[in-house]
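The values are calculated or read from the model by the stated rules, or taken from the named source; none is laboratory data. Since we're looking at a predicted model, the values are computed, not measured. Because the Cβ atoms are built from the backbone with ideal geometry, glycine has one as well, and the counts that use them run over all protein chains shown. For the accessible areas, the whole protein counts, side chains as well, though only heavy atoms, and no ligand, DNA or RNA atoms are used. Shrake-Rupley method; radii C 1.70, N 1.55, O 1.52, S 1.80 Å.
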Amino acid sequence: MHRCLHIQEVIVNIFDYLVGHPVLASDTELARLARTCKTFSGPALDALWHTQPTLSPLLKCFPDDVFALDARRLHWTFKTLPKIEDFERVTFYASRIKKLGCFSPACYVENSVDRVVYSALLSQQLTFNLGPLLPKVRHLIISLNDFIGQAVYARLVIGPNLRTIDLDSASLDDIDDKMPWDNVVAILGEHASTLKNFEYATYSEWDMRHFSPPAVMSLCCSFYSLRTLNIGNLDITHNVLTHISTMPDLTELVFGIVSEELVTFTGTPLMAGEFSKELTVRQCEGDGGDWDLEPFFTTLKTPNLQSFELLKLNNFTEAQAAPAPFTSSMLSRLLQFPYLSHLQITFNLHIKFTDLDLKEMSTAWPRLTSLILPDYTLRNKPTLTFTGLLALTENCKELCVLKIRVDARDLPRFATTGPTVPSRLHNLDLCSSPLSDPEGMIEMIPLCFPELGVLNVAGSYKFRTRNNPPLSSSEKRNSDAWQAVIESLRPLVPSGYHFLGYDAA
């Protein structure tokens with residue numbers, strides 16, 4: 001064997017490469033390498049056991065008279081309590097697991113385990129004083145269901161080196177006040193100060209029940225060293241937000257909050273950490289309060305911010321809400337972030353800033369790649385023009401996604417503006433932009449956006465029902481004009497141009 005293969009770092013890199021290779025990755029190959037020689041054995045076993053979707057591979061390490069696997073149903077059952085010597089082989093492999101869990105329900109259906117199996121394991125672990133079953137596990141994907149009752153599975157798999165946890169409640173059908181949040185806090189509390197990532201997800205992040213469990217709020221106030229905190233499915237309080245804003249290492253933050261708590265928030269400037277980069281704030285479902293965005297923008301004091309999302313849940317089902325004004329003054333509060341590359345606000349906006357503000361935006365955000373500011377108002381003249389939009393795409397050379405409402409009735413003329421500068425824009429949504437010259441727009445789109453893959457035009461934000469007024473004659477003309485543009489452009493990119501249209505009565 002070549003002497004280079006006696007260098008541990010080289011072997012580890014080779015095996016890590018094999019694990020991630022789309023063709024060569026195979027548990028069988030790693031198992032063969034582990035049996036090749038002593039030099040390969042340790043690194044190969046580490047790579048083989050590093051990530052496990054369930055505990056089934058460990059259960060197979062016990063003698064056949066302890067646990068039984070029904071091959072037909074792929075279901076583990078309990079036969080007898082394991083003896084201390086039965087744990088020797090299990091402990092040898094369990095110490096190599098660094099990541100446990102899987103988001104796919106198939107992982108649990110195909111390897112289902114009787115709850116008594118985990119109970120027996122935990123009982124014997126405690127009886128023999130064997131310590132944690134998974135002493136080196138660092139990343140855990142676990143269901144909220146696993147914290148019900150005595151939380152046996154959670155207590156079994158959570159070890160002292162836990163650093164990241166993804167908590168999933170997709171399979172929990174109980175009502176909110178009976179969710180086992182007290183068990184979650186009791187078990188995770190001792191790890192709160194050392195956790196680096198904490199994420200909580202529900203079945204659907206856009207259609208969910210939002211609430212503020214007091215136990216979880218107290219847990220959030222125990223976090224300190226987090227780099228990522230994703231609790232967008234929870235309504236945090238202003239006290240929790242104040243604590244979060246002091247975390248020095250936080251780089252990605254997603255949270256939900258109701259308008260009343262946001263107004264009450266008067267603590268340290270939001271995300272004051274030196275390395276803060278990504279921020280997502282969600283207005284919770286059913287929160288009927290109007291968010292005063294300008295004071296909120298003023299609280300943002302994070303110079304390294306790269307991504308900012310302000311999302312309203314289920315905004316399509318709450319279409320009757322009045323559009324939130326987005327003024328020049330509000331925009332100026334965001335121009336203080338020179339590294340911003342992604343801005344998305346899914347509130348129904350009424351944009352009131354001008355082309356001059358777009359010019360300042362292109363100067364302040366040279367790295368901008370995505371700008372999503374939906375304005376679906378119909379019966380007012382846009383303050384932005386198509387000429388201003390072209391100036392933005394010309395100056396922000398990396399801009400690929402743009403959603404904005406402009407006045408497309410007065411298109412730029414060659415004699416006035418000269419030849420257009422092609423942009424890299426790939427996705428363009430013009431919301432309810434008024435249009436009077438479809439032929440002119442048909443000429444402009446290929447010239448200005450040669451790489452365009454998707455063009456969306458949505459005339460009305462509101463769903464047209466019996467309770468909504470029908471489209472006016474001018475709105476109908478606007479709809480017909482955009483329909484003509486879409487149909488003409490369809491041959492250029494047959495699958496890429498979409499007319500979302502005015503929802504007719």
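Largest accessible area first, the listed residues Tyr200, Tyr93, Tyr339 line up as Tyr339, Tyr93, Tyr200 when surface is computed with a 1.4 Å probe on the assembled protein chains.
Database remark: amide H of Asp429 closer than 5 angstrom to the amide H of Leu402, Lys403, Ile404, Asn456 (H placed geometrically; neighbours at sequence offset of 5 or more, or on other chains; Pro and chain starts carry no H). For Val113, enumerate residues with amide H under 5 Å from its amide H, sequence gap 5+ or separate chain, H modeled in the peptide plane. Amide H to amide H, under 5 Å and 5 or more residues apart or across chains, Val113 pairs with Trp76.
Residues whose amide H comes within less than 5 Å of that of Leu310, counting only those at least five positions distant or on another chain, are Val281, Gln344, Ile345, Thr346 (H built at 1.01 Å from N in the peptide plane). Starting from one equal scatterer on each C-alpha and no solvent at all, send me the Debye-based log10 I(q)/I(0) for region 321-375 at q = 0.13, 0.23, 0.27 Å⁻¹, two decimals. Values, matching the q order: -0.30, -0.93, -1.22. In terms of accessible area, using a 1.4 Å probe and ignoring ligands and nucleic acids, Ser112, Ser423 rank largest first as Ser112, Ser423. Packing order of peptides 230-242, 121-133, 47-59, highest average first: 230-242, 47-59, 121-133 (average count of other Cβ atoms within 10 Å over each peptide's residues). Against the empirical 2.2 N^0.38 Å (N residues), region 301-418 has a Cα radius of gyration ratio of 1.08. Take the cross-link list Lys60/Lys136; Lys312/Lys403; Lys136/Lys301; Lys38/Lys136 and give me the ones stretching past 28 Å between alpha-carbons. Among Lys60/Lys136; Lys312/Lys403; Lys136/Lys301; Lys38/Lys136, the Cα-Cα distance tops 28 Å for Lys136/Lys301.
For region 350-444, the Kirkwood hydrodynamic radius from C-alpha pairs, put into Stokes-Einstein at 37 °C and a viscosity of 0.692 mPa s, yields a diffusion coefficient of 241 µm² per second.
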